[in-house]
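Everything below concerns the one structure shown next.
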Amino acid sequence: MTSHILSIRHGAVLEARLNRLEKMNALTCAMYGGIADPRQQAISSNSIRAVLLTAEGSTFTAANDMAEFMSMSGDFTASPQSRFVCAINGATRPIVAAVHGRAVSIGTTMLLHCDLVYGTPDLTLPFPAYIGLQRASALMMLGRLDAAAAVAKGLVNATVPADELHAHALGKAQALAAKAPEAFAEARRLIRGNRTQPDACMTKEGEAFARAVIGAEVREAFTAFFEKRKPVFDRLGTS
């Protein structure tokens with residue numbers, strides 16, 4: 001496992017903690033594998049009954065590592081990022097997330113597949129979903145979702161003071177891990193419903209992502225970020 005992902009055991013709960021402080025926990029391909037490892041361990045180990053996602057520092061994650069991201073090529077639907085989202089969507093053990101600061105892009109996407117999410121009052125989610133077309137459009141295109149709004153719209157279960165967040169989320173994960181495993185697993189499957197539709201949606205999103213990431217607009221956005229300027233899209237023309 002990469003050193004940027006800490007694996008910590010709490011009895012029947014396995015914690016995966018992002019630990020790349022110098023880059024605000026921006027995710028590399030190796031880190032995606034490191035986050036997925038606890039899920040695989042949970043599947044293969046009867047003693048692991050829940051997974052807890054956490055992060056060090058002031059930011060949960062600043063999304064993908066841009067330098068690595070810009071160098072990627074080939075089939076993005078088979079990328080570590082895509083494989084990770086498919087893996088977390090198909091997790092057979094409950095996943096609890098403790099989120100603080102900003103959870104950008106994939107940082108928000110992964111929360112949508114967690115069973116329970118707890119955040120601090122300073123939490124912001126730049127890309128909300130599952131809240132209705134018009135509200136999602138307004139929030140995604142014009143602004144960000146703060147912690148109170150995330151709770152109100154059902155994306156976050158509750159906000160918790162920063163110094164209590166880890167203990168609170170761990171306690172919830174331990175409560176889930178203590179449930180009768182077979183009955184709990186069946187109840188969880190019923191709650192989550194037929195996963196065919198989310199899987200199909202994720203495939204379409206992956207295809208759209210693959211087209212976008214090699215496009216001129218994404219390259220301009222990343223180049224502008226590294227050059228510390230605003231992106232200029234009107235000079236790129238239309239596709």
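Can you pull out every residue in the stretch 172-191 that is surrounded by fewer than 14 Cβ atoms within 10 Å (Cβ to Cβ) and under 22 Å from the mean Cα position of the chain (by Cα)?
Looking only at the stretch 172-191, we keep the residues that are surrounded by fewer than 14 Cβ atoms within 10 Å (Cβ to Cβ), and these are 180-183, 186-187, 189-191.
Correct list: R189, I191.
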Please give the number of the condition V99 fails out of (1) under 28 Å from G11 (Cβ atoms); (2) modelled with pLDDT under 80. (2)
Any idea which residue in the stretch 138-150 is modelled with the lowest pLDDT, counting only those that are crowded, with 18+ Cβ neighbours inside 10 Å and touching a strand residue (DSSP E or B) at 6+ places or on another chain (Cβ under 8 Å)? L139
Considering residues of the stretch 2-36 that are part of a loop (DSSP other than H, G, I, E, B) and either of a type in the set (D, E, K, R) or on the phi < 0 side of the Ramachandran plot (or both) only, the residue surrounded by the fewest Cβ atoms within 10 Å (Cβ to Cβ): S3
Quick check on F69: is it modelled with pLDDT under 90, farther than 27 Å from A147 by Cα, assigned to a helix (DSSP H, G or I) and among the aromatic types (F, W, Y)? yes
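The values are calculated or read from the model by the stated rules, or taken from the named source; none is laboratory data. In this text, all values refer to a predicted model and were calculated from it rather than measured experimentally. With ideal geometry, Cβ positions are generated from the backbone for all residues, glycine too; neighbour counts draw on all protein chains shown.
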